[in-house]
Amino acid sequence: MSEAEDWGDNFYTCMVCEKTFRSPLFEIARTYERTIFFDGDQIPVVEPIESEGIGTYCSTECLNQDRDRLLTKENVRATFPGIGPIEVCSRCGKPVDMVQFHLSWTEEELNCQWGPFIDVLQPINVQSLAVVCQQCAPLSTTAIQEERSSSNLVDVVA
Ligand SMILES: [Zn+2]
Ligand SMILES: [Zn+2]
């Protein structure tokens, strides 16, 4: 029995070299997120609400080869933004208010543990590639709904 058969459906296929593998995973993801800043010395946190893997690779080499193609397809370029409070839109060059939910692209190295019921993905390395302003990419309806349901805000009709 080959390794791939042994794995069942529990493996990834590299989008560049078509190699099958299980871990680590090199991924480019598109995420709706915001940065939360705190008073004092507390380190800011990034809160994601909706994330989708759009590139799957077996290695940094394969990811490096495909990054520009993938981002061009997404109509952004790699500007390697920080976490805010204000960064530059990777599409139109206008400021992005990172405290508000916005669309961002990241590349990640993930340690994958395949379980019988649940797979665990543990980020080893995360690098921000691009962000866009709210004019270039308004929040999707699902993202807004999740934002509402995850916050304690209640719509009250007076
Ligand atoms: Zn590969
Ligand atoms: Zn923009």
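The values are calculated or read from the model by the stated rules, or taken from the named source; none is laboratory data. Quantities reported herein were computed from a predicted structural model and do not represent experimental measurements. Cβ placement follows ideal geometry from the backbone for every residue including glycine, while neighbour counts extend to all protein chains displayed.
Applying the set (1) of a type outside the set (G, A, S); (2) touching a residue at least 24 places away in the same chain (Cβ under 8 Å); (3) closer than 23 Å to L139 by Cβ to E52 leaves exactly one unmet item: (2). G84 meets each of the listed conditions (1) modelled with pLDDT of 95 or more; (2) more than 16 Å from ligand 1 (Cβ to nearest atom) apart from (1). Filtering Q122, Q100, Q135 for residues that are closer than 27 Å to D9 by Cβ, modelled with pLDDT of 90 or more and out of contact with any Phe, Trp or Tyr (no Cβ under 8 Å at 6 or more places or on another chain) leaves a single hit, Q122. When the strands (runs of 3 or more DSSP E) confined to segment 26-145 are screened for residues that are of a type in the set (G, A, S), those reaching at least 3 such residues are found at 45-57. Considering the conditions (1) in contact (Cβ under 8 Å) with a residue 40 or more places away in the chain; (2) surrounded by fewer than 18 Cβ atoms within 10 Å (Cβ to Cβ); (3) within 17 Å of the chain's Cα centre (by Cα), L71 is excluded by exactly one of them, (2). Considering segment 138-158, and only residues there that are hydroxyl-bearing (S, T, Y) and exposed (fewer than 12 other Cβ atoms within 10 Å of the Cβ), the residue that is modelled with the lowest pLDDT turns out to be S151. The residues of segment 1-32 that are within 16 Å of ligand 2 (Cβ to nearest atom) and at pLDDT 95 or above amount to a single one, R30. Selection of segment 90-113 for residues being among the hydrophobic types (A, V, I, L, M, F, W, C) and out of contact with any Gly (no Cβ under 9 Å at 6 or more places or on another chain) yields C92, F101, L103, W105, L110, C112. Considering the conditions (1) over 16 Å from the mean Cα position of the chain (by Cα); (2) farther than 22 Å from Q134 by Cβ; (3) not small (G, A, S), E27 is excluded by exactly one of them, (1).
Residues in segment 104-119 that are surrounded by 15 or more Cβ atoms within 10 Å (Cβ to Cβ) and either more than 16 Å from D9 (Cβ to Cβ) or free of Cβ contacts under 8 Å to residues at least 60 places away in the same chain (or both): S104, W105, T106, E107, E108, E109, L110.
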